[in-house]
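Engineer: My structure is below; once you've seen it, I'll send some questions.
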Amino acid sequence: MSTSSEKSLCTSEDKDAQERNSETRANENEEAQKDERRNLPYDLVKKIYPSDFRNWPILSLLKPEFITRICMIMVYGNCGNRALIVTQEKDVYTLDYNKDDHFKTGDTHIGLYPKKVEELCGKNIKTFACNSYFVLALTEEGEVYSWQFSKERKSDDGSRTLVSASKPTRVAGLSEKRIVDIACGSYHSLALTNDGKVYAWGENKHRQLGYVHDYGSDLPRQVKHELEGKKIDHIACGSMFNMVVTEGKLYGWGNNENGQISIYITPVTTTDTISEKPIFFWGIETFVTNVQVESQKYYEYPHKITVVSGKAIVKVACGSRHTLALTDEGKIYAWGKNDKGQVGVKNNLEISAPVMVDVPEMVLDIAAYDNLSVAVGSNRTVFVWGDCFGQDITAPFPTEFSSIHDAFAYSTMRVMHKPLTVPPNKDVEEVLNILESLGFGVLGTVFDDPLTSDFRIIVKDQSIHVHKAFLKIRCPHFTNNLQNEHCYQNVSDPSAVCMVSNKFSYIVYKAFLKYLYTGTVDIPLENASELMKLADECCETNLKRECGRIIEQAITTSNVALFYSKAVECTAKELEEFCFQFAVCHMKDVVLSEEYIKLDTSIKDNFMRRAAQENAFRT
């Protein structure tokens with residue numbers, strides 16, 4: 001007999017060993033249930049944690065009770081190592097590493113933790129704009145605050161200077177104006193007033209402030225020239241250039257070395273050129289080398305972008321050195337630096353002239369930052385191209401992301417393009433109040449308690465008293481179905497009563513709900529498989545596993561076939577494997593049992609086929 005056959009045939013020693021293993025598994029099951037009860041609070045914490053936060057590592061440092069108070073957050077800095085946080089109480093916090101904190105006497109904090117920004121607490125923060133050196137904050141009342149943080153800055157000559165940190169102060173020169181939007185590049189800022197005027201301040205080495213001289217200004221100055229008399233609707237900043245939209249038309253100024261503002265193709269005989277680089281012609285699938293680009297290095301004043309003339313632009317977004325423009329017809333045009341594929345022309349030639357990006361859906365929204373471009377289609381599909389997932393993606397790539405913010409979490413920079421707002425969740429607040437008043441360990445005391453419950457689940461005329469907010473947080477099944485008006489019945493108080501189907505028994509429903517509160521499985525053996533089925537339908541994997549472990553303790557040759565089929569039906573792999581191995585060790589008795597005869601033909605065939613593969617039959 002082969003070695004493999006010897007291993008598969010069950011002797012009396014094998015059966016004794018299996019009995020010992022059953023005792024061991026019983027002890028393990030008891031410990032597993034204890035672990036489940038201990039883990040229940042942590043499972044709740046994970047469910048309370050907003051899904052939008054999960055892609056941002058720095059936010060994992062925050063405590064659950066603090067997270068639930070957040071209404072706005074902005075991740076920025078070097079690979080997302082800083083964050084600004086606004087709470088529902090209008091307090092503002094910064095989350096970052098500051099080595100000076102280690103030298104503060106009496107400071108017992110270690111590592112990163114939220115620190116209050118006292119100057120902004122109590123303000124109605126509307127948005128932030130951030131870069132590597134400074135931060136802008138805009139309030140709902142139209143006030144702009146600015147501050148910088150300690151950082152070494154490299155000058156054009158290669159020397160390094162230390163930029164000292166400062167506290168948030170209101171930007172001088174804007175106090176008499178109501179600002180409705182802000183944006184910033186690497187070393188400059190823009191502000192848009194409620195009457196459509198644009199103000200700029202900061203460095204001007206690349207003419208990003210909108211005038212000829214290269215000296216900068218700490219005092220905001222209105223950008224005029226081509227914008228004079230026009231009402232600006234939208235502003236955006238690249239690293240060292242700007243774009244604005246007014247009445248469907250697009251204007252840009254500042255650095256144009258990569259054609260991010262405007263680009264023109266001219267004959268080779270032209271001598272007044274800036275560079276000789278590969279160019280992708282708009283609408284032509286031909287790559288041309290050694291052509292000359294006629295374009296000034298900078299645009300000192302706002303310059304009308306004529307290549308999108310005849311198309312009504314509703315939004316513009318700027319990466320570091322490339323531009324996206326969205327039309328009122330849901331089309332995207334892109335141009336500028338393309339070394340990472342961020343223009344979306346299915347190549348990564350260094351510079352691209354304006355091209356309509358091939359997105360298979362009508363586009364509803366766009367965003368860009370650094371070398372990444374993002375669009376949201378009419379089917380809510382989030383498309384990315386450029387620097388994402390550690391790769392250069394040269395054409396719009398559909399993702400499973402639920403929001404634009406998710407896409408930026410997977411870029412090299414790993415910073416947000418704008419703040420993430422978090423709507424208040426009343427269900428979370430109610431659950432936290434329950435946990436705070438009772439403690440995590442005594443949730444079971446409020447289960448099926450008519451005095452504290454706000455919701456009844458009726459099964460075959462019997463009531464189970466629960467807490468609606470808790471169930472919506474605890475179990476995905478209730479998250480979806482408790483919001484479905486069809487599950488409510490017109491009883492005395494339809495908002496507080498839900499009648500479920502008779503598919504499962506009252507005992508099973510009650511055991512299921514009790515498990516959600518306590519992490520304990522309290523079910524008679526004869527109902528364990530029914531509870532396992534309910535757990536499977538409600539996607540409660542841990543409960544399904546616990547039911548399987550209970551069933552294992554009662555497996556016999558007469559019922560193993562039944563429970564094997566139940567395990568297959570519920571995709572309970574651990575129980576299925578246990579039943580299979582037990583059946584193989586008692587093959588004759590199992591095959592002659594009534595339950596085996598009743599098995600579905602396909603299940604029976606699969607069982608026999610696998611048994612043969614395991615050399616379960618004597619030859």
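The values are calculated or read from the model by the stated rules, or taken from the named source; none is laboratory data. These numbers come from a predicted model, not from an experiment. Neighbour counts are summed over all protein chains in view; Cβ atoms, including those assigned to glycine, are modelled from backbone coordinates with ideal geometry.
Engineer: Taking the residues in the stretch 519-533 that are touching a Lys or Arg at 6+ places or on another chain (Cβ under 7 Å) and part of a helix (DSSP H, G or I) as candidates, determine which candidate is surrounded by the fewest Cβ atoms within 10 Å (Cβ to Cβ). Working first, answer last.
Structural biologist: Of the residues in the stretch 519-533, the ones touching a Lys or Arg at 6+ places or on another chain (Cβ under 7 Å) are 519-520, 522, 529, 532.
Checking the rest, the ones that are also part of a helix (DSSP H, G or I) come to 529, 532.
On the way: Ser529: 24, Met532: 28.
The residue in question is Ser529.
Engineer: Any idea which of (1) surrounded by fewer than 19 Cβ atoms within 10 Å (Cβ to Cβ); (2) under 21 Å from Gln462 (Cβ atoms) is the one Asp536 doesn't satisfy?
Structural biologist: Answer for Asp536: the failing condition is (2).
Engineer: Evaluate the following for Glu176: is it modelled with pLDDT under 95 and touching a His at 6+ places or on another chain (Cβ under 7 Å)?
Structural biologist: Working: modelled with pLDDT under 95: yes; touching a His at 6+ places or on another chain (Cβ under 7 Å): no.
Answer is no for this residue.
Engineer: Sticking with this one: Hey, can you tell me all the residues within the stretch 605-619 that are crowded, with 17+ Cβ neighbours inside 10 Å, of a type outside the set (A, V, I, L, M) and assigned to a helix (DSSP H, G or I)?
Structural biologist: Narrowing the stretch 605-619 to residues crowded, with 17+ Cβ neighbours inside 10 Å: 607, 611, 615-616.
Still in the list and also of a type outside the set (A, V, I, L, M): 607, 615.
Selection gives Phe607 alone.
Engineer: Being under 26 Å from Ile457 (Cα atoms), surrounded by 14 or more Cβ atoms within 10 Å (Cβ to Cβ), in contact (Cβ under 8 Å) with a residue 24 or more places away in the chain and not basic (Lys, Arg) narrows it down to one residue among Leu516, Leu562, Leu575; which is it?
Structural biologist: The unique qualifying residue is Leu516.
Engineer: Yes or no: Lys167 more than 19 Å from Asp370 (Cβ to Cβ), in contact with a strand residue (DSSP E or B) (Cβ under 8 Å, 6 or more places away or on another chain) and at pLDDT 95 or above?
Structural biologist: Against the criterion (more than 19 Å from Asp370 (Cβ to Cβ), in contact with a strand residue (DSSP E or B) (Cβ under 8 Å, 6 or more places away or on another chain) and at pLDDT 95 or above), Lys167 does not qualify.
Engineer: Test of understanding: among Ala353, Ala367, which residue is of a type outside the set (Lys, Arg) and either modelled with pLDDT of 95 or more or in contact with a Lys or Arg (Cβ under 8 Å, 6 or more places away or on another chain) (or both)?
Structural biologist: Sole residue among the options that is of a type outside the set (Lys, Arg) and either modelled with pLDDT of 95 or more or in contact with a Lys or Arg (Cβ under 8 Å, 6 or more places away or on another chain) (or both): Ala367.
Engineer: Answer with yes or no whether Cys79 is assigned to a strand (DSSP E or B), out of contact with any His (no Cβ under 6 Å at 6 or more places or on another chain) and modelled with pLDDT under 95.
Structural biologist: For Cys79, the condition - assigned to a strand (DSSP E or B), out of contact with any His (no Cβ under 6 Å at 6 or more places or on another chain) and modelled with pLDDT under 95 - is not met.
Engineer: In the stretch 207-228, is there at least one residue being acidic (Asp, Glu), closer than 24 Å to His417 by Cβ and either touching a residue at least 12 places away in the same chain (Cβ under 8 Å) or in contact with a Ser or Thr (Cβ under 8 Å, 6 or more places away or on another chain) (or both)?
Structural biologist: Looking through the stretch 207-228, none of the residues is acidic (Asp, Glu), closer than 24 Å to His417 by Cβ and either touching a residue at least 12 places away in the same chain (Cβ under 8 Å) or in contact with a Ser or Thr (Cβ under 8 Å, 6 or more places away or on another chain) (or both).
Engineer: Can you find, within the stretch 308-327, the residue that is farthest from Ala129 (Cα to Cα) among those that are outside any strand (DSSP E or B) and at pLDDT 95 or above?
Structural biologist: Per the criteria, the residue is Arg321.
Engineer: Continuing with this model, one more query. Could you check the stretch 338-353 and list, in sequence order, the residues that are assigned to a strand (DSSP E or B) and surrounded by fewer than 24 Cβ atoms within 10 Å (Cβ to Cβ)?
Structural biologist: Once the filter is applied, which keeps residues that are assigned to a strand (DSSP E or B) and surrounded by fewer than 24 Cβ atoms within 10 Å (Cβ to Cβ), the stretch 338-353 yields Ile351, Ala353.
Engineer: Would you mind telling me which numbered condition in (1) closer than 28 Å to Ile85 by Cα; (2) buried (at least 17 other Cβ atoms within 10 Å of the Cβ) Tyr333 fails?
Structural biologist: In the conditions (1) closer than 28 Å to Ile85 by Cα; (2) buried (at least 17 other Cβ atoms within 10 Å of the Cβ), Tyr333 misses (1) alone.
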